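The values are calculated or read from the model by the stated rules, or taken from the named source; none is laboratory data. Remember, predicted model here, so these are calculated numbers, not experimental data. When we count neighbours, we look across all protein chains shown, and the Cβ atoms used for this are built from the backbone with ideal geometry, even at glycine. Side chains included, ligands, DNA and RNA excluded: accessible areas come from the protein's heavy atoms. Shrake-Rupley method; radii C 1.70, N 1.55, O 1.52, S 1.80 Å.
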Amino acid sequence: MKAAVAHQFKHALEIQQVEKPIVGAKDVLVKIHACGVCHTDLHACHGDWPVKPKLPLVPGHEGVGEVVEVGSQISHIQIGDRVGIPWLYSACGHCEYCLSGDENLCLSQQNAGYSVDGSYAEYCKAHGDYVVKIPDGVSYVDAAPLFCAGVTTYKALKVSEIKPGQWVAIFGVGGLGHLAVQYAVAMGLNVVAVDTGDDKLALAKSLGATLCLDFNRDDVNGEIGRQVGGVHAAICTAVSKAGFEQSYKAVRRGGKCVLVGLPPEEMPLPIFDTVLNGVSVVGSIVGTRKDLEECLDFAARGKVKAITIEKSLDDINQVFEQMIAGEINGRVVMKFAQ
């Protein structure tokens, strides 16, 4: 089968023929129809993070397609089912995190396109208990970004514990942030969108944001304080120190700053203000299978739709270059010939 393979960190992926995966008793084999391209894939191929992925590696954790083979111990998935293979490839199922509904925090988890081969390939093996079915009416291209970008932002909003009618600020209206705005609006929240450039702000406005601010032109925190008195929660998808600082300062007393982006530098936390104002700073990492089912349901009901740019597997190195240069608006999805 055809696949894109990383053999060395910071080198171009090689498009090559590799062996089709062999399915075990608890596995399924998915014929990939589409796969989203996430910034995490780029970090994996560059070896940017302290925990390194395996090499050689087939990246990809937003793969969606049709089940063509089912292991002997899997009964709830059938050949022909439309499923996706998320970042949470598998978890142990019996630790305190798994048993309490926090399987995304399992210390023994495997991650698609990182610790195990992912879906930058014509076929991908997946753990049958951890694939998630795609609702009827949602296309493969529309579904793919929701298996990471969608569930990540949806989970962050859940973690914020914000209530309908309250104010949330979304910092960064890119591949994750444009979905965060849509989920927030669908959840009945008032949205402040923060990014730079008329196109990004116009997009946020069209998606339902009430207040749109340019961090290069506007006094972001001053305007948020003046117009809404501070937000009840801020979701920071940005990967800059400045983005974190602004998102923290945007939160009113008793609010939450939820961190999603993974910037390379350390960020100081003002302890005095955090204690005095009763502000919570929390991290949120992807989501569980239940979170993913819920976030897909929003798409099935027409409440959320990723802005996608269709490419092919052969384009992946060019896509990575555009990603590094910040030239991508929305989410790139590689569509596979059938």
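Taking the stated definitions as given, is Val275 at pLDDT 95 or above and exposed (fewer than 15 other Cβ atoms within 10 Å of the Cβ)? Yes, satisfied. Just one of the listed residues (Ile307, Ile324, Ile328) is surrounded by 13 or more Cβ atoms within 10 Å (Cβ to Cβ) and at pLDDT below 95, and it is Ile328.
Of everything in the stretch 162-184, what is farther than 18 Å from Val37 by Cα and under 18 Å from the mean Cα position of the chain (by Cα)? Give them in sequence order.
Scanning the stretch 162-184 gives Ala169, Ile170, Phe171, Val181, Gln182, Tyr183, Ala184.
Among residues of the stretch 5-22 that are modelled with pLDDT under 95, none has a Cβ under 8 angstrom from a residue that is open to solvent by 70 Å² or more (accessible area, probe 1.4 Å) and not basic (Lys, Arg) at a sequence gap of 6+ or on a separate chain. Can you name the residue in the stretch 1-37 that is outside any strand (DSSP E or B) and touching a Phe, Trp or Tyr at 6+ places or on another chain (Cβ under 7 Å) and, of all such residues, is surrounded by the most Cβ atoms within 10 Å (Cβ to Cβ)? The qualifying residue surrounded by the most Cβ atoms within 10 Å (Cβ to Cβ) is Pro21.
Taking the stretch 55-104 as the range and being buried (at least 17 other Cβ atoms within 10 Å of the Cβ), assigned to a loop (DSSP other than H, G, I, E, B) and of a type outside the set (D, E, K, R) as the test, the residues that pass are Val58, Pro59, Gly60, His61, Gly71, Ile74, Ile77, Pro86, Trp87, Ala91.
Residue-wise test of (1) open to solvent by less than 60 Å² (accessible area, probe 1.4 Å); (2) closer than 15 Å to Val282 by Cα; (3) free of Cβ contacts under 8 Å to residues at least 12 places away in the same chain; (4) of a type outside the set (A, V, I, L, M, F, W, C).
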position	(1), (2), (3), (4)
Val194	yes, no, no, no
Leu201	yes, no, no, no
Leu213	yes, no, no, no
Asp219	no, no, yes, yes
Ile224	yes, no, no, no
Val231	yes, no, no, no
Thr237	yes, yes, no, yes
Leu259	yes, yes, no, no
Leu262	no, yes, no, no
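Of all residues in the stretch 134-184, those being assigned to a helix (DSSP H, G or I) and either closer than 19 Å to Ala250 by Cα or of a type outside the set (A, V, I, L, M, F, W, C) (or both) number 20. Only residues that are open to solvent by 50 Å² or more (accessible area, probe 1.4 Å) and in contact with a Ser or Thr (Cβ under 9 Å, 6 or more places away or on another chain) were counted in the stretch 105-150, giving 3. Scan the stretch 24-33 and tell me whether some residue there is within 19 Å of Pro145 (Cα to Cα), aliphatic (A, V, I, L, M) and within 18 Å of the chain's Cα centre (by Cα). Looking for residues that are within 19 Å of Pro145 (Cα to Cα), aliphatic (A, V, I, L, M) and within 18 Å of the chain's Cα centre (by Cα), one finds none in the stretch 24-33, hence no.
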